[in-house]
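The values are calculated or read from the model by the stated rules, or taken from the named source; none is laboratory data. These figures come from a predicted structure and were not determined experimentally. For neighbour counting, all protein chains shown are included, and Cβ atoms are generated from backbone atoms with ideal geometry for every residue, glycine included. In case anyone asks, the SASA skips ligands and DNA or RNA and just uses the protein heavy atoms, side chains included. Shrake-Rupley method; radii C 1.70, N 1.55, O 1.52, S 1.80 Å.
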Amino acid sequence: MSNDLVAYYAARAKEYEKIYGKPERQGEISDLTTLLLNVFPEKDVLEIACGTGYWTQRIAKAAKNILATDINQPVIDVAKSKTYEKGNVTFQQADLFNFKTREYDALFGGFIWSHIKLEELGKFIDTANSFVKPGGMVVFCDNNFTEGSSTPVSHTDEHGNSYQQRKLESGDTFSVIKNFPDENAFKKVLEGKGERIKFISLKYYWLVIYHKK
Ligand SMILES: C[S@@+](CC[C@H](N)C(=O)[O-])C[C@H]1O[C@@H](n2cnc3c(N)ncnc32)[C@H](O)[C@@H]1O
């Protein structure tokens, strides 16, 4: 079984958005969309790990413009095939940890936090902060573990990272890191790096908004 996260998302590109079709999550997807639309009006946004552009398409309705990036070209190809009414989205293939760009008003990362090793979260936040202007806004959202809806955790490693076994339509299976932080974990990781921290925890999803310190 492969534990290559990047290969997993490349292989999952065409079936990725099935996850957003789960009936029990529709109400919260709508709530999350509303929350995101309220934080990005007229913002110049860098999106990391944009995937198939599910959230890009929604945020683009409010933002001034978005540069949407992902390490995988196959997911960007799906994202590029969508319609962006304001014509305000451009795409670029980029590994977030090896990307040089200008400073933006705001950064958005959807469902990437959970895939970052706990021991690399400090570097991840420093990297995210480097992409925004002083005092710039950083927004992440991701999953809460919800019994009966989430894929069970298969094991936890020596650092406390949790993993799920995921099977694609091809039958290929992957061991995928998937962490489920609580409010204290955010406070700890963002200490000295973020201020005006707002954390919203729903049943299936969480959202954190902070400003670069
Ligand atoms: C769970 S998906 C989220 C996609 C999208 N943001 C969403 O919420 O629908 C995680 C994405 O992170 C991307 N990714 C993983 N490692 C990355 C890295 N180092 N730099 C940029 N993107 C990365 C994967 O290719 C994948 O598209």
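Assorted remarks:
Rundown of residues vs (1) in contact with a helix residue (DSSP H, G or I) (Cβ under 6 Å, 6 or more places away or on another chain); (2) within 13 Å of the ligand (Cβ to nearest atom), yes/no style:
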{"position": "GLY21", "(1), (2)": "no, yes"}
{"position": "GLU28", "(1), (2)": "no, no"}
{"position": "THR34", "(1), (2)": "no, no"}
{"position": "VAL39", "(1), (2)": "no, no"}
{"position": "GLN57", "(1), (2)": "no, yes"}
{"position": "ASP70", "(1), (2)": "yes, yes"}
{"position": "ASP77", "(1), (2)": "no, yes"}
{"position": "ASN88", "(1), (2)": "no, no"}
{"position": "THR101", "(1), (2)": "no, yes"}
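- If you go through the stretch 142-152 and keep only what is surrounded by 13 or more Cβ atoms within 10 Å (Cβ to Cβ) and in a loop (DSSP other than H, G, I, E, B), you end up with ASN144, PHE145, THR146, SER149, SER150, THR151.
- Residue within the stretch 128-141 that is within 21 Å of LYS22 (Cα to Cα) and assigned to a loop (DSSP other than H, G, I, E, B) present: no
- All of THR52, THR69, THR56, THR83 fail the test of being out of contact with any Asp or Glu (no Cβ under 9 Å at 6 or more places or on another chain) and β-branched (Val, Ile, Thr), apart from THR83.
- Within the stretch 1-118, strands (runs of 3 or more DSSP E) holding 2 or more residues that are more than 17 Å from VAL208 (Cβ to Cβ) and open to solvent by less than 20 Å² (accessible area, probe 1.4 Å): 65-70
- Residue among VAL153, VAL132 that alone is closer than 26 Å to ILE59 by Cβ and in contact (Cβ under 8 Å) with a residue 12 or more places away in the chain: VAL132
- In the stretch 96-121, the residues that are over 25 Å from PRO41 (Cα atoms) and touching a residue at least 24 places away in the same chain (Cβ under 8 Å) form Cβ pairs under 7 Å with partners that are open to solvent by less than 40 Å² (accessible area, probe 1.4 Å) and of a type in the set (Lys, Arg), at six or more places apart or across chains, as follows: SER114/LYS178; HIS115/LYS178.
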